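Asker: The structure is given below, and queries will be raised subsequently.
The values are calculated or read from the model by the stated rules, or taken from the named source; none is laboratory data. Computed from a predicted structure; not experimentally measured. Cβ placement follows ideal geometry from the backbone for every residue including glycine, while neighbour counts extend to all protein chains displayed. For the accessible areas, the whole protein counts, side chains as well, though only heavy atoms, and no ligand, DNA or RNA atoms are used. Shrake-Rupley method; radii C 1.70, N 1.55, O 1.52, S 1.80 Å.
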Amino acid sequence: MSIPGPTRVNEFFAYRGGSLYAEDVPLATLAASVGTPFYVYSTAGLVRHYRRFANAFAPAQPLICFAVKANSNLAVLRLFARLGAGADVVSEGELRRALAAGIPGERILFSGVGKTAAEMAAALAADIHQINVESEPELHRLSAVAQQTGRVARIALRVNPDVDALTHAKIATGKKDNKFGIDFAQAAAAYRLAHTLPGLAPVGLALHIGSQLTDLEPYRHAFARLAELVRTLRAAGLAVERVDLGGGLGIRYRDEQPPEIAEYAALVRDVFGALGVAVAIEPGRALAGPAGLLVARVLYVKQSRSRRFVVVDAAMNDLMRPALYDAWHDIVPVMAPAADAPRAAADVVGPVCETGDTFALARELPPLEEGDLVAFAAAGAYGAVMSSTYNSRLLVPEVLVAGARSAIIRPRPSYDELLGLDRVPAWLDRAAAEAERGAG
Ligand code: LLP
């Protein structure tokens, strides 16, 4: 009796005839044409995850603003724009991307703890839905920019509910010691202040308590505090028309059991349903994460006395999450191993000159040899967006697949382009000689 081998990563990346596909496109074929490493996204996967959110929340008709930071490729944003999504942006660059992708200003939210005056002016010029303000000094700055530009800024006050999101410390944002949001105890006074400043139209409250949440309880606490604040402010005669509940819903990387979107939506309904507020949410990872893979090729398998290293051609600069958060990504071979193939522990590492350039330690993997392709799962969010050219490696390309179609949606740059970003001053050789004489 033959035991079946692995069948799929998820419904969008499955094995057919022993080879891993992105929808109807074999990854081995993409690797041959694009070269490795590269990211690949499934259109069906992106659409499916957006639809799940939209359907679960349908009764409340919230503004679903994709958190652009999770995946800011213009093709991905264009797809979400076609689906009717809005965008949560945190910089002028993200604002420009969202607008360029066809997301209308009226569906764009601007979040972030450190907006510059220029970014505020750009947001006002695009007449976006709302700017989420995180401090009193920011209220004053925005008021000044609004007056200078002759615009009125619709603002929500982002509060810090002092709730533990029970997630990795580097992506928890809702505790009072985190830099985000205005201290809960100061929120009412700040909201009142906002009403007195020219150029500001306070419309509501916002929060975002962290990312990769796998438990609903932190949301329950934070939402309850926010609802309490809505009631307090209204009792004081201040209008609160909108709440923005941020993002953060987690996905499965290893063995996490994130809440169902329906449970999350039900919680929102329970807490805010009776308040008569317009709701916005800002999911990023839950929409894009499962819809992407990073594909890499094995360069060497190196056996030391104590460890077996699988050296791949992707590195920490291409997918930073393991180095930065000790994050787990499933690693699967593109050619399915035999079901009875022996598994052995290996450290999967990249070529960058740091020990931190490690994707997995003592990971149980099927046999892998030089030249084999591997895929890192759940890499559609916080993957390509966090990549860099560290070690002067070329920025990793991105590919979008839809059925049997595929397209490169960000090409791998050339080395000329990489080197062409730098400028050597005309005076440099002379200055070097002078400095050397001076040092002598
Ligand atoms: N809204 C705001 C204001 C945020 O700061 C974030 C994420 C989101 C929405 C979207 O959160 P999501 O639904 O994607 O969890 N680089 C880290 C994640 C950083 C998240 C930062 N803020 C990672 O790779 O895990």
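Asker: Failed condition for residue 129, given (1) within 16 Å of the ligand (Cβ to nearest atom); (2) farther than 20 Å from residue 191 by Cβ; (3) at pLDDT 95 or above, with all others met?
Answerer: For residue 129, the exception is condition (2).
Asker: Pairs needed: first member in the stretch 249-268, outside the structural domain of residue 279 (by TED's automatic domain parsing) and closer than 18 Å to residue 380 by Cα; second member anywhere, at pLDDT 95 or above and of a type in the set (A, V, I, L, M, F, W, C); C-beta distance under 7 Å; at least 6 residues apart or different chains.
Answerer: Matching pairs, first to second residue: none at all.
Asker: Also, quick follow-up: Looking at the stretch 239-246, can you tell me whether even one residue there is within 16 Å of the ligand (Cβ to nearest atom) and either open to solvent by 20 Å² or more (accessible area, probe 1.4 Å) or without any contact (Cβ under 8 Å) to a residue 24 or more places away in the chain (or both)?
Answerer: Taking every residue of the stretch 239-246 in turn, at least one turns out to be within 16 Å of the ligand (Cβ to nearest atom) and either open to solvent by 20 Å² or more (accessible area, probe 1.4 Å) or without any contact (Cβ under 8 Å) to a residue 24 or more places away in the chain (or both).
Asker: Let me ask something else about it. When the residues of the stretch 194-204 are narrowed to those that are out of contact with any helix residue (DSSP H, G or I) (no Cβ under 6 Å at 6 or more places or on another chain) and aliphatic (A, V, I, L, M), which ends up nearest to residue 256 (Cα to Cα)?
Answerer: The selected residue is 203.
Asker: Could you tell me whether residue 127 is outside the structural domain of residue 412 (by TED's automatic domain parsing), assigned to a strand (DSSP E or B), of a type in the set (Asp, Glu) and touching a helix residue (DSSP H, G or I) at 6+ places or on another chain (Cβ under 9 Å)? Talk me through it step by step, then tell me what you get.
Answerer: On the way: outside the structural domain of residue 412 (by TED's automatic domain parsing): yes; assigned to a strand (DSSP E or B): no; of a type in the set (Asp, Glu): yes; touching a helix residue (DSSP H, G or I) at 6+ places or on another chain (Cβ under 9 Å): yes.
Considered against the rule, which asks whether it is outside the structural domain of residue 412 (by TED's automatic domain parsing), assigned to a strand (DSSP E or B), of a type in the set (Asp, Glu) and touching a helix residue (DSSP H, G or I) at 6+ places or on another chain (Cβ under 9 Å), residue 127 comes out as no.
Asker: Sticking with this structure for a sec: Hey, among the residues in the stretch 317-357 that are open to solvent by 30 Å² or more (accessible area, probe 1.4 Å) and within 16 Å of the ligand (Cβ to nearest atom), which one's nearest to residue 21 (Cα to Cα)?
Answerer: 330
Asker: Do you know which residues across the stretch 139-179 are assigned to a strand (DSSP E or B) and farther than 15 Å from residue 205 by Cβ? Before you say what the answer is, go through the steps one by one.
Answerer: Pass one, the stretch 139-179, residues assigned to a strand (DSSP E or B): 153-160, 172.
Across the stretch 139-179, the qualifying residues are 153, 172.
Asker: If you go through the stretch 276-310, how many residues are more than 16 Å from the ligand (Cβ to nearest atom) and either more than 20 Å from residue 158 (Cβ to Cβ) or at pLDDT below 95 (or both)? Break it down into steps so the answer makes sense when it comes.
Answerer: Residues of the stretch 276-310 that are more than 16 Å from the ligand (Cβ to nearest atom), as a first pass: 276-278, 295-310.
Within this subset, residues satisfying the condition of being either more than 20 Å from residue 158 (Cβ to Cβ) or at pLDDT below 95 (or both) are 276, 295-310.
Matching residues across the stretch 276-310 total 17.
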